[in-house]
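The block underneath contains the structure these notes are about, expressed in C-alpha cells.
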Amino acid sequence: MTDRKISLEELSQHQEAEDAWMAINSVVWNVTGFAGIHPGGPDIILEYIGRDGSDQYNSVHSSGLAARNFETSQRIGVLDAPTKSNTDADRDNRNPKLDRELPGLDEIINLHDLEDAAEKSLNERSWAYLSGATDGSITKNRNCSIFEEVYLRPRVARPVGSADTRVKILGDEYDVPIFNAPASLMMLAHPDAEIALAKGLAASGSTIVIPTLASYSTDEIVEALPKGHPFFFQLYTSPDKSVLDKIIDTVVRLQPRAIFVTVDLPDFGKREANERYERKVAKQKKDSSKTKQKSNQARSAGVAIDSDLSWSKIQWLRERTNLPIFVKGIQCAEDALQAWKIGCQGIYISNHGGRAADTAQPTLLTLAEIRLRYPELLEQMDVFIDGGVRRGTDVLKAICLGAKGVCLGRPFFYALMYGQDGVQYAMQILKDELVTAMKLCGVARLSEAHPGLLNTRALLNQVDYGTEFRSKL
Ligand SMILES: Cc1cc2nc3c(=O)[nH]c(=O)nc-3n(C[C@H](O)[C@H](O)[C@H](O)COP(=O)(O)O)c2cc1C
C-alpha cells in the first residue's frame with residue numbers, strides 16, 4: 001500500500017486537540033488523544049500539532065520510536081514536500097548536544113572530571129536537564145557529601161593479593177556491583193543514548209536498568225545487549241490503565257530480571273535550572289505566555305506522574321506479573337518495611353538524585369536507618385541504592401552498610417557524551433577505585449565488607465530512630 005501524500009497546508013488543518021495530526025520525519029501521524037498520555041507531558045504535543053515536529057522529536061527520541069509506539073492505523077501518509085526523513089534525522093542528530101569540544105578521555109581520571117567536562121561542553125539545555133535538581137539542590141549535594149563524613153576503618157595485614165568485586169543478584173553474577181540509575185531521555189547526552197549505555201555496561205560485566213522513558217524503545221535496547229544478557233526495567237506506573245498495561249505487556253515479553261517501580265515522584269519537583277532555561281528561550285522567542293507558565297519539560301505532568309500511586313497498586317503489580325518487584329524511591333525505614341510486608345523482593349533506596357523532595361535525607365542515611373531499625377530486612381530483600389555515588393570508596397561504603405547493587409545516575413549521562421567508550425571508561429575508573437579501596441581496607445571479596453569497616457558516627461548523630469524517640473522532640 002502506498003502512502004497518501006499530504007501537503008503542509010492539509011497538515012495545518014488538523015491542529016485541534018480533537019483532530020490532531022503531526023509530521024515526524026516526513027510521516028504524518030494522527031496524534032488525536034496522544035497529548036494526554038505523552039510521557040513528556042501534553043504541552044509539547046499541543047505546540048506541534050498541525051505542524052512538522054521532527055526537530056523537537058529528534059532531539060530526544062530515536063527515529064524508530066514513533067513507528068513502534070503508534071498503531072499503523074494512526075499513520076495518515078507522508079508529506080509531499082521534501083522534509084526530514086528518518087535517515088536525515090539520524091545524520092543531523094549525530095552530535096548536536098555539545099556546544100564545545102570534549103576533552104580527550106585521557107584527561108579524565110575520575111568521575112568529577114567527567115562532570116567538569118559535561119559542564120563545559122554540553123549544550124545549555126542538556127546541562128540544565130541532566131545536572132539539575134529541585135529547589136535549592138540541598139538533597140542532591142548532601143547525597144554526595146555524606147559519603148565524605150563516613151570514614152573508613154581499614155584493617156591491615158590481611159592478604160588481599162587480588163580483590164574480587166563479583167556479586168550475585170537474583171541468581172546472576174555480575175563482575176561489579178555497579179549499575180546505571182535509570183534516567184529518562186539519555187539522548188540529551190548522545191544520539192546512541194541507551195543503546196551505547198547497554199552495550200558499555202554489558203561489556204563491563206554489569207547490565208542496564210532500562211528506564212520507562214528511554215529515548216529508544218525497550219525492544220531496541222534489549223536487542224543491543226548480548227543475547228540472553230540479564231537486565232532490569234524501571235517502571236513508571238502510568239495513571240492511564242491502557243498505557244500501563246501496554247508497558248507491562250512489553251516488559252513481561254522481554255523478561256527483565258526485575259522491575260524497579262519508581263514511587264518517589266507523585267508530583268514534579270520544582271526544577272529550577274530547567275525553568276530558568278525555558279524562560280530564557282521563551283524570552284528569546286518573545287513568547288511571554290511561556291515565561292509565566294510552568295515550563296513544559298520541567299514541570300509538565302506527563303504519564304510518568306502517578307499522583308494516586310498507592311501500596312495496593314504496587315501489590316496489584318506484583319500479582320500482574322511473575323517478575324520480582326523492587327520499590328525504587330524508598331526514603332525511610334517504615335516504607336522499606338511496607339515493601340517487605342507486601343512481598344516485594346527488593347528495595348531501591350533513592351530520592352531521585354535530589355530531583356523529588358528537596359531536603360529529603362541523603363540516601364546513605366536512609367540505608368543506615370533501615371540497618372539500625374530493621375536489620376532483618378537487609379537479609380530478606382536485595383537492596384539497591386543510588387544518589388551521590390562518585391567514587392569506589394562510596395561504593396564500598398554502601399556495600400558495607402548492606403547494599404547489594406549501587407547505581408549512578410548523572411555520571412553515566414556525562415560518560416555517554418563519549419558514547420559507549422565513555423561508559424566503559426567510567427566503569428573502569430569505578431572498578432579500579434573499588435578494587436583499590438577494598439585492598440586498602442583489607443577486603444578480599446565483597447562478601448567480607450561489613451559496617452565495622454566504617455566509622456559511622458556522623459550517620460548515627462542524624463539517624464531517625466523512629467516514633468519512640470521522635471515523640472520526645
Ligand atoms: C536527568 C535525570 C533523569 C532521571 N530520570 C529518571 C527516570 O526516568 N526514572 C527514575 O526512576 N529515576 C530517574 N532519575 C533518578 C535516577 O534514577 C537516580 O535516582 C539519580 O540520578 C541518582 O542520583 P545521582 O545522579 O546523584 O547518581 C533521573 C535522574 C536524572 C539526573
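For the stretch 266-282, the set of residues classified as surrounded by fewer than 19 Cβ atoms within 10 Å (Cβ to Cβ) and not in a helix (DSSP H, G or I) consists of Pro266, Asp267, Lys270, listed by residue number. Close Cβ contacts (under 7 Å, 6 or more residues apart or on different chains) running from residues in the stretch 448-460 that are touching a residue at least 12 places away in the same chain (Cβ under 8 Å) to residues that are of a type in the set (D, E, K, R) and assigned to a helix (DSSP H, G or I) comprise Leu454/Lys397; Ala458/Glu149. When Ile169 is tested against (1) touching a residue at least 60 places away in the same chain (Cβ under 8 Å); (2) more than 19 Å from Phe268 (Cα to Cα); (3) touching a helix residue (DSSP H, G or I) at 6+ places or on another chain (Cβ under 6 Å), exactly one condition is not met: (3). For the stretch 96-144, the set of residues classified as within 17 Å of Val423 (Cα to Cα), in a loop (DSSP other than H, G, I, E, B), away from the ligand (no atom under 16 Å from the Cβ) and touching a residue at least 24 places away in the same chain (Cβ under 8 Å) consists of Leu102, Ile108, Ile109, listed by residue number. In the stretch 396-429, which residues are closer than 12 Å to Leu364 by Cβ, within 12 Å of the ligand (Cβ to nearest atom) and in a helix (DSSP H, G or I)? The one that is closer than 12 Å to Leu364 by Cβ, within 12 Å of the ligand (Cβ to nearest atom) and in a helix (DSSP H, G or I): Ala398.
Please count how many residues of the stretch 30-61 are part of a loop (DSSP other than H, G, I, E, B) and charged (D, E, K, R).
1
Among the conditions (1) within 14 Å of the ligand (Cβ to nearest atom); (2) within 19 Å of Met438 (Cβ to Cβ); (3) not in a loop (DSSP other than H, G, I, E, B), the only one that Thr366 does not satisfy is (2).
On inspection, Ala181 fails the criterion of being surrounded by 19 or more Cβ atoms within 10 Å (Cβ to Cβ), over 24 Å from Tyr348 (Cα atoms) and small (Gly, Ala, Ser).
Val167 meets the conditions (1) away from the ligand (no atom under 13 Å from the Cβ); (2) surrounded by fewer than 20 Cβ atoms within 10 Å (Cβ to Cβ) in every case but one. The failed one is (2). Here Asn58 meets each of (1) closer than 16 Å to Gln15 by Cβ; (2) without any contact (Cβ under 8 Å) to a residue 40 or more places away in the chain with one exception, condition (1).
Which of the residues spanning the stretch 193-204 are touching a residue at least 60 places away in the same chain (Cβ under 8 Å) and surrounded by fewer than 23 Cβ atoms within 10 Å (Cβ to Cβ)? Listed by number, the residues that qualify are Lys199, Ala203, Ser204.
Residues satisfying the criterion are absent from the stretch 463-473 (criterion: under 27 Å from Ala163 (Cα atoms) and basic (Lys, Arg)). Annotation note: of Thr393, Thr467, Thr456, the sole residue that is farther than 27 Å from Ala117 by Cβ and at pLDDT 95 or above is Thr456. Going through (1) more than 16 Å from the ligand (Cβ to nearest atom); (2) part of a loop (DSSP other than H, G, I, E, B); (3) farther than 12 Å from Gly419 by Cβ one by one, Pro191 falls short only on (3).
So that you can scan it fast, the table gives a plain yes or no per residue for (1) closer than 28 Å to Asp267 by Cα; (2) at pLDDT below 95; (3) assigned by TED's automatic domain parsing to the domain that holds Ser62; (4) part of a loop (DSSP other than H, G, I, E, B):
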position	(1), (2), (3), (4)
Glu173	no, no, no, no
Val176	no, no, no, yes
Pro182	yes, no, no, yes
Ala196	no, no, no, no
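From the set of residues in the stretch 326-359 that are part of a loop (DSSP other than H, G, I, E, B) and out of contact with any Ser or Thr (no Cβ under 8 Å at 6 or more places or on another chain), which is surrounded by the fewest Cβ atoms within 10 Å (Cβ to Cβ)? Across the stretch 326-359, the extreme among qualifying residues is Gly343. Selection over the stretch 244-284 of residues that are within 19 Å of Pro39 (Cα to Cα), within 14 Å of the ligand (Cβ to nearest atom) and either within 16 Å of the chain's Cα centre (by Cα) or not hydrophobic (A, V, I, L, M, F, W, C) (or both) gives a count of 12.
Consider the stretch 128-141. How many of its residues are at pLDDT 95 or above and crowded, with 22+ Cβ neighbours inside 10 Å?
Final tally of qualifying residues: 5.
Only one of the numbered conditions (1) within 29 Å of Phe231 (Cβ to Cβ); (2) outside the structural domain of Tyr425 (by TED's automatic domain parsing) is not met by Asp99, and that is (1).
The values are calculated or read from the model by the stated rules, or taken from the named source; none is laboratory data. What you see is a predicted model; the values in this text were computed from it and never measured. Cβ atoms come from the backbone with ideal geometry, glycine included; neighbour counts cover every protein chain shown.
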